Amino acid sequence: MLYVVGIGPGGPEMMTAEARAAIEAAEVIVGYKTYTHLVKALVGDKPVIKTGMCKEIERCQVALDIAQSGKTVALISSGDAGIYGMAGLILEMVTKQTWHVEVKIVPGMTASIAAGAALGAPLMHDFCHISLSDLLTPWSVIEKRIRAAAEADFVICFYNPRSRGREGHLRHAFELMSPYKAADTPVGVVKEAGRRKETKWLTTFADMDFERVDMRTMVIVGNQSTYVEQGLMITPRGYTL
Ligand code: SAH
């Protein structure tokens with residue numbers, strides 16, 4: 001049995017009861033090393049197989065092999081495993097290849113939801129997720145989606161806004177959005193949402209400081225009606241008050 005578990009964005013209080021039960025039921029835990037420490041208390045002395053970044057296929061193979069040998073395995077992703085996590089790859093491998101493993105995808109709270117709540121209620125209307133990682137997606141496709149989402153006035157949540165080798169991507173994304181986003185459009189930034197070191201701030205489209213953003217950061221750009229009041233980022237649903 002292989003549970004593909006989204007452990008939520010940070011602390012145990014943001015993990016679902018189902019995720020907790022899957023980790024408790026597992027005999028072996030497999031995960032990216034930054035995330036395995038977030039579940040340390042739950043794991044106890046069970047074997048934990050940690051792999052580094054860019055080892056996704058290997059990590060999934062390891063998890064599937066152990067599950068096929070008869071053990072219950074929890075493969076953990078931060079946030080939700082189906083949002084830039086391991087769920088899709090596992091299902092691609094299981095459906096196309098020769099593993100005979102029962103797989104259960106256990107949902108988790110994705111980073112945008114935790115960041116949205118920390119900022120106020122910015123996701124009250126239509127919103128989308130765009131990852132700025134071009135490791136697996138051509139940059140031209142990412143550019144097209146940024147333009148289209150901005151033109152359609154979605155609230156946009158940027159995942160993977162910056163990392164080594166991608167220093168300029170967020171700035172470039174803002175340039176692409178600039179024909180559609182007014183200078184005073186609110187932008188909310190949350191670093192390490194739901195974790196002990198969480199930090200957040202509000203700025204505007206024109207004043208965005210790209211240097212403060214790192215790879216553990218969620219950037220939420222408002223739509224035409226998003227505003228800030230008493231330090232809260234609010235996107236109206238449309239109710240008349
Ligand atoms: N599966 C994860 C996303 C993995 S992609 C999820 O559903 O949340 C990794 C990106 O997610 C990071 O670069 C960052 O932009 C975002 N992220 C993940 N956890 C975060 C957190 N606790 N706070 C802010 N952003 C986070």
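Scanning the stretch 24-44 for residues that are open to solvent by less than 10 Å² (accessible area, probe 1.4 Å) and part of a loop (DSSP other than H, G, I, E, B) gives a single hit, Ala26.
The condition (being open to solvent by 20 Å² or more (accessible area, probe 1.4 Å) and either modelled with pLDDT of 95 or more or within 11 Å of the ligand (Cβ to nearest atom) (or both)) is satisfied by just one residue among Ala81, Ala87, Ala117, Ala74: Ala117. So is Val141 crowded, with 22+ Cβ neighbours inside 10 Å and farther than 17 Å from Arg216 by Cα or not? No. Applying the condition of being among the small types (Gly, Ala, Ser) and modelled with pLDDT under 95 to the stretch 134-181 and asking which residue is farthest from the ligand (Cβ to nearest atom) yields Gly168.
Among residues of the stretch 163-175 that are aliphatic (A, V, I, L, M), those with a beta-carbon under 6 Å from a residue that is surrounded by 17 or more Cβ atoms within 10 Å (Cβ to Cβ) at least six positions away or on a different chain give the pairs Leu170/Pro161; Leu170/Arg162; Leu170/Val213; Ala173/Ile146. When the residues of the stretch 182-211 are narrowed to those that are aliphatic (A, V, I, L, M) and open to solvent by less than 30 Å² (accessible area, probe 1.4 Å), which ends up nearest to the ligand (Cβ to nearest atom)? Among those residues, the one meeting the criterion is Ala193. Scanning the stretch 187-203 turns up at least one residue that is in the same structural domain as Gly116 (by TED's automatic domain parsing), touching a Leu at 6+ places or on another chain (Cβ under 9 Å) and among the basic types (Lys, Arg). Every test in (1) surrounded by fewer than 18 Cβ atoms within 10 Å (Cβ to Cβ); (2) not in a loop (DSSP other than H, G, I, E, B) is passed by Leu135 save one, and that test is (2). Residue check: Tyr35 meets all listed conditions (1) away from the ligand (no atom under 14 Å from the Cβ); (2) among the aromatic types (Phe, Trp, Tyr); (3) within 16 Å of the chain's Cα centre (by Cα) but one, namely (1). Selection within the stretch 1-21: residues that are outside any loop (DSSP other than H, G, I, E, B) and within 18 Å of Lys191 (Cβ to Cβ). The member of this set that is most open to solvent (accessible area, probe 1.4 Å) is Met14. Every listed requirement among (1) open to solvent by 30 Å² or more (accessible area, probe 1.4 Å); (2) of a type in the set (D, E, K, R); (3) under 19 Å from Glu13 (Cβ atoms) is met by Asp65 save one, (3).
The values are calculated or read from the model by the stated rules, or taken from the named source; none is laboratory data. In this text, all values refer to a predicted model and were calculated from it rather than measured experimentally. Reconstructed Cβ throughout: ideal geometry from the backbone, glycine too, with neighbour counts over all protein chains shown. Side chains are part of the model used for accessible areas, which takes the heavy atoms of the whole protein and leaves out ligands, DNA and RNA. Shrake-Rupley method; radii C 1.70, N 1.55, O 1.52, S 1.80 Å.
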